[in-house]
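Asks: Below is a structure I'd like to ask you about.
The values are calculated or read from the model by the stated rules, or taken from the named source; none is laboratory data. Worth saying up front: this structure is predicted, and the values here are computed from it rather than measured. Here Cβ is always computed from backbone atoms with ideal geometry, including for glycine, and neighbour counts include all displayed protein chains. Ligands, DNA and RNA are excluded from the accessible area calculation, which covers all protein heavy atoms including side chains. Shrake-Rupley method; radii C 1.70, N 1.55, O 1.52, S 1.80 Å.
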Amino acid sequence: MQTTNGAFPTEELRGRFARARRVCVLTGAGVSAESGIPTFRGGGGAAVWKGLPFDVISSAEMVERDLQAVWEWFDFRREVIRVVRPNPAHEALARWQDLFEDFTLVTQNIDGLHQAAGSSEVIELHGNIWRARCVMCGRLEHLSHDHSQMRSPRCTNCEGEMRPDVVLFGEIVPPEAFERAMLKAQACELFFVVGTSALVYPAAAIPEMAQTAGAFVVEINPELTPLSGFCNEVINGKAGEILPLFDAR
Ligand code: BJW
Ligand code: ZN
């Protein structure tokens, strides 16, 4: 592992970035931190909602037990996300889609900020907070960014209950999204893992799959993670400060 402390990416990485044809990026909550969205873990603690740790409220079990409480947590989160803007990290990654022959952006984030920054094809592993899904028939409904529009509690198709279309603990990551992410990771030359604690599976397994298949893996994060030891290069810094540095390709 080569560690770069907030400095410019190494010559080797700049060269690889300039030559690369197939690039893949996996992002996590840290990419949206500079937009003002709190991360899940960090600062020595974990997110808590009305006394419940987020991995309790954001769980399959809680949907069964108290869907109303789950909605309250996600309604609150949408209120936070509604007013924030993409930051220089989202904007840099949106530019990258035009730089390479094959560029893949995979995110664990549900906030939609990559798309708001202009990324056109985003593989969302954990769903999207701006969608609801019927628990009975699976019908999807877009949730308006307009604060005054109420979301419908029941499906207009079958009257089933609606729930947030996000992947909670104990739920299966959409198999087609995971499969696409895995294939792209295994086919790329350069893989970036940005702003994730890499504690949640199966997303955390993707960088290692990329490296095993031959990719050069780069981590961008102000903190070390369980992945840092095997990454080919670790850049200790904020995504919004580091990613734009690659623009001079
Ligand atoms: C910055 C920064 C800046 C700060 N710039 N960086 C294998 C082993 C062990 C357990 C499991 C396993 N396989 C499956 C499991 C169980 C479980 C799991 O992984 N548990 C572990 C925690 C132990 N996984 C699941 O349940 C998954 N489902 C599954 O595997 O299905 C199969 C199955 C089904 C049934 C039974 C058993 C298996 C689903 C996981 C879904 C996760 N969902 C959440 C919530 C989504 C909805 C919501 O938003 O509430 O997704 S959890 C939460 O964590 C959220 C995130 O997407 C995810 C990852 O977090 P992320 O993005 O890494 O954020 P943080 O906060 O952890 O880290 C932020 C990072 O940013 C830090 O490193 C900072 O330093 C950094 N940072 N500022 C750059 N400016
Ligand atoms: Zn329905």
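Asks: Mind jotting down the distance between the C-alpha centroids of the stretch 53-120 and the stretch 135-197, whole Å?
Replies: Distance between centres, Cα-based: 9 Å.
Asks: Write down the Kirkwood hydrodynamic radius of the stretch 203-249, to one decimal in angstroms, obtained as one divided by the mean of 1/r over all alpha carbon pairs.
Replies: 11.5
Asks: OK, next. With a cut-off of 15 Å, note down the residues of the stretch 112-138 whose backbone N falls inside the zone around a label point 7 Å from the Cα of ASP98 toward its beta carbon.
Replies: 117-121
Asks: Hey, another quick one. So for the stretch 51-140, what are the equivalent ellipsoid semi-axes in whole Å, largest first, each being the square root of 5 times an eigenvalue of the Cα gyration tensor? Present the calculation step by step, with values, prior to reporting the outcome.
Replies: Details: eigenvalues 171, 46, 25 Å².
Calculated on Cα positions only, the semi-axes equal 29, 15, 11 Å.
Asks: On to the next question. Count charges around TRP130 for me, please; just the other residues with Cβ under 13 Å from its Cβ, Lys/Arg as +1, Asp/Glu as -1.
Replies: -1
Asks: How many nm is it between the label spots at ASN157 and GLU121, if each spot is 7 Å from the Cα in line with the beta carbon?
Replies: Once both label points are built, they end up 2.5 nm from each other.
Asks: Next up: Count charges around PRO226 for me, please; just the other residues with Cβ under 13 Å from its Cβ, Lys/Arg as +1, Asp/Glu as -1.
Replies: -2
Asks: Give me the percent of accessible area attributable to carbon and sulfur for the stretch 8-49, probe 1.4 angstrom.
Replies: Heavy-atom surface of the stretch 8-49 belonging to carbon and sulfur, 1.4 Å probe: 53 percent.
Asks: Suppose accessible area is computed on protein heavy atoms with a 1.4 Å probe; arrange LYS238, LYS184, LYS50 from highest to lowest. Before the final figure, lay out the partial values.
Replies: Working: LYS238 100, LYS184 75, LYS50 150 Å².
My answer, sorted largest first, is LYS50, LYS238, LYS184.
Asks: Still on this model: For VAL234, list long-range residues whose amide hydrogen, built 1.01 Å from N in the peptide plane, is under 5 Å from its own amide hydrogen.
Replies: Residues meeting the criterion, in which the H sits 1.01 Å from N, are GLN2, THR3, THR4, GLU219.
Asks: Taking H placed 1.01 Å from N in the peptide plane, check which residues at least 5 places from ARG131 or on another chain put their amide H under 5 Å from its amide H.
Replies: Under 5 Å from the amide H of ARG131 lie the amide H atoms of LEU143, ASP165, each far enough along the sequence or on another chain.
Asks: Expressed as a whole percent, how much of the Cα-Cα distance distribution for the stretch 152-220 exceeds 17 Å?
Replies: When all Cα pairs of the stretch 152-220 are counted, 55 percent exceed 17 Å.
Asks: Measure off 7 Å from each Cα along the Cα-to-Cβ vector at ARG85 and ARG21, then give the distance between these two points in nanometres to one decimal.
Replies: Label at ARG85, label at ARG21, 3.8 nm between them.
Asks: What nm value, rounded to one decimal, do you get for the distance between ASP66 and ASP247 when each label is placed 7 Å out toward the C-beta?
Replies: Modelled inter-label distance: 4.7 nm.
Asks: Using a probe radius of 1.4 Å on heavy atoms only, what accessible surface per residue do you get for the chain? Whole Å² is fine. Let's see the in-between values first.
Replies: On the way: 11800 Å² over 249 residues.
Averaged over the residues of the chain, the accessible area is 47 Å².
Asks: I've got another one for you. Search the structure for amide H atoms under 5 Å from the amide H of GLU171, placed 1.01 Å from N in the peptide plane, and list their residues when 5 or more places away or on another chain.
Replies: ALA60
Asks: Before anything else, pin down the relative contact order of the stretch 168-246: Cα pairs under 8 Å, at least 6 apart, normalised by residue count, whole percent.
Replies: Reported as a whole number, the value is 26 percent.
Asks: Same structure again: Count the net charge of all other residues whose Cβ sits under 12 Å from the Cβ of PHE191, scoring Lys and Arg as +1 and Asp and Glu as -1.
Replies: -1
Asks: OK, next. Pop out the ³J(HN,Hα) list for the stretch 25-35 in order, Karplus 6.51 cos²θ - 1.76 cosθ + 1.60 with θ = phi - 60°, rounded to Hz; leave Gly and Pro as x.
Replies: 10, 10, 10, x, 4, x, 5, 9, 4, 6, 8
Asks: Enumerate the residues in the stretch 152-169 having an amide nitrogen under 13 Å from the point lying 7 Å beyond the Cα of CYS137 toward its Cβ.
Replies: 154-162
Asks: What does the chain give for Rg and for Dmax, in Å, if only its C-alpha atoms count?
Replies: Radius of gyration, then largest Cα-Cα span, for the chain: 18.4, 59 Å.
Asks: Next question. Could you order the peptides 124-130, 102-108 from most to least packed, using the average number of other C-beta atoms within 10 Å per residue? List each step's numbers first, then the result.
Replies: Numbers: 124-130: 21.1, 102-108: 22.7.
Answer by packing, highest mean first, reads 102-108, 124-130.
Asks: A further question on this structure: Give the Rg/Rh ratio for the stretch 86-185, taking Rg as the radius of gyration of the Cα atoms and Rh as the Kirkwood radius, to two decimals.
Replies: On the way: Rg = 15.4 Å, Rh = 15.1 Å.
With Rg and the Kirkwood Rh in hand, the quotient comes to 1.03.
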